[in-house]
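Report on the following structure.
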Amino acid sequence: MKALLILAVALLAGCQRADAGRSAATVLAKVNGTEISAQQVASAQALESVIDRELLVQKALASGLERDPDVAQSIDNARRQVLAQAYIDKFPKAKPSAEEVRAFYAENPALFGARRIYRLQELVVSAPAELVDVLRAEAARLQDMEQVAAWLRSRNARFSGAALTQAAEQLPLSQLPQLARMKAGEIAVFPAPLGASVVQLVHAEPAPLSEQQAAPLIEQFLAGRKRLELAAAEVRRLRESARIEYVGDFKAR
């Protein structure tokens, strides 16, 4: 990809020199004198959205909203997030080796070679940990989701239900190994941030991906994971050389 980009730049360089008066940031519109460039939009519809946003921004600035403490803090937080991400984006993009791709494919059959499309019934339950433990035992005994829902209602537990159709890669990786072993009608209980997720497998349709089909997805995932590892290592290095002082009730972890 990098080589193609370099070639494209080389081919376009002559044209750009021949038309030196044309800026890379071609102006597509002006809103009360403020220019909107081609770099900001990708379509006519996007241009209209940018114009709408600019009108709102101008009114906000005219009202002095950028000086509101909450707004100012949000702007500063967004600026810092963009800068932090820009620093991470400068890290080298290492392409995974063919051996790494093959190993990841072999280690994750539920995502690739044995990939399935799942139809599920789900109950998302808000409950304390002690109730979740009892729920797990009850779900193993009960026959269907209606019985699980009735049991939850008898305990005054809050829950919501949904029918889902999702491919393996759309499901939480922590749930996938168990779901891949389940048969139609079986029920499983998975931990959730505020309680539990009760899932019944309605149907699973085989939809395998060959190693060749999966390779681009695996390469993208492994490259992203490597970048996260580099970012974590860089943060550790920066912490070691920084002077960090915790004030008040906040203490070092």
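Any read-out appearing in this document is the output of simple, stated calculations on the displayed coordinates, not a laboratory observation. Model, not experiment: these values are computed from the prediction. So basically every Cβ, Gly included, is an ideal-geometry build from the backbone, and we count neighbours across all protein chains shown.
Data for the structure
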item	result
Residue-count net charge about E219 - beta-carbon cut-off 13 Å; Lys, Arg +1, Asp, Glu -1	+3
Gyration tensor (alpha-carbon) shape descriptor, segment 116-206, a/c threshold 1.5	prolate
Cα long-axis angle, helix 69-89 against the chain (0 to 90 degrees, to the nearest 10)	90 degrees
The chain: calculated mean residue ellipticity at 222 nm from DSSP helix runs of at least 4, using -39500 (n - 2.57)	-16500 deg cm²/dmol
Bins of 10 Å from zero: percent of alpha-carbon pairs in the chain	5, 15, 17, 23, 25, 11, 3, 1
Cα radius of gyration and Dmax for segment 28-77 (Å)	12.7, 35
Lysine pairs within the chain, Cα separation less than 19 Å, 8 or more sequence positions apart or different chains	8
Degrees between helix 98-107 axis and first principal axis of the chain (Cα, 0 to 90, nearest 10)	30 degrees
